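Asker: Questions regarding the structure given below will be posed in turn.
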Amino acid sequence: MARLLLCSAALLLLCPLAVLATPSGNFYRDGVDVYDDWDICRTRAYGEDGFFRFDGESFEPVIAAQSLGFNADIAYERGAQFALEYPDPTQRAEAIFAFARDRVRYMSDSSQFGYVEFAVNADELLSVVYQDGVAYGDCEDYAVLLGVMYLGAGLRSAVVLAPEHAAALVYLPDYPYANRMLTLHGESGWIWAEATGGNNPLGWMPEQYSGSWLLGYELRDQGLARDGLPDRPLTTVTRDTGQGFAVPLSPLLVVMLLLWIIPAVARR
């Protein structure tokens with residue numbers, strides 16, 4: 001884990017858009033929470049079994065590991081395809097960013113799933129893109145998809161948590177268009193990948209995080225062991241249809257307000 005002090009100059013734009021009806025499976029319910037067959041809670045970011053394992057001072061985006069290492073599938077493979085199509089790392093990073101920005105539309109989990117929080121992994125999100133041409137997700141879904149695709153493309157990537165937000169980072173120390181070059185684990189050269197706005201360029205970091213204390217976690221190409229579903233009935237989580245506004249409020253984002261008082265150890 002590392003802590004980041006990040007500064008910026010831009011304004012975050014969120015896009016209210018319609019959602020499509022697509023069912024997801026391999027989930028079971030335990031009380032009010034929904035779990036997957038990795039025994040990761042999809043409706044809660046915090047705690048040892050939460051999809052981000054967030055505890056107020058550190059986090060581990062374990063949901064990304066569902067699409068990495070021995071779990072690598074379509075999101076990782078799509079990143080590898082970008083590596084073949086774009087030998088230049090800068091062009092490759094820009095193309096992957098543009099793909100996520102253009103193929104995923106922002107939608108709150110409550111509007112899409114009926115849960116205040118419901119995380120999807122990178123392969124689930126990309127499968128909807130392949131099926132319907134466009135998918136819908138919130139900030140952590142974008143961050144996980146970008147992180148996995150960047151690793152598949154041979155680029156180092158990370159997930160960063162901010163008060164009321166999550167985003168991806170990609171390691172591009174020579175990138176000339178970033179409004180801020182960031183430091184992670186004492187290493188400069190990381191840039192912000194903020195794909196939730198339809199016009200965002202790679203390297204553009206929102207102004208409201210200027211001076212904020214943030215947490216960053218570099219992803220590794222390691223899979224998360226799957227124990228299989230417990231002996232209990234499966235439940236189905238369905239994406240809703242219709243239109244709604246994307247309101248980025250969730251338990252994850254509320255808890256991340258704690259980050260305002262967490263001391264940082266890195267500044268650039």
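Nothing in this text is a laboratory measurement; each read-out follows from the coordinates by a stated rule. None of the values given here were measured: they were computed from a predicted structure. Heads up, the Cβs are rebuilt from the backbone with ideal geometry, glycines too, and the neighbour counts pull from every protein chain shown.
Asker: Roughly what % of Cα-Cα distances in segment 169-240 sit above 18 Å, to the whole percent? Each step should come with its number before you reach the end.
Answerer: Details: 1485 of 2556 pairs.
So the portion of pairs separated by more than 18 Å is 58 percent.
Asker: Another question about this same structure. Quick one: if you take sqrt(5λ) for each eigenvalue of the C-alpha gyration tensor of segment 22-140, what semi-axes come out, biggest first, whole angstrom? Intermediate results must be reported in sequence, preceding the final value.
Answerer: Values: eigenvalues 138, 55, 38 Å².
Equivalent ellipsoid of segment 22-140: 26, 17, 14 Å, largest first.
Asker: Quick one: dipole size for segment 49-178, taken about the Cα centre, charges +1 on Lys/Arg Cβ and -1 on Asp/Glu Cβ, in debye to the nearest 20. Could the numbers behind the result be given before it?
Answerer: On the way: 7 positive and 20 negative charges, 74 e Å.
Using Cβ point charges on Lys, Arg, Asp and Glu, segment 49-178 gives about 360 debye.
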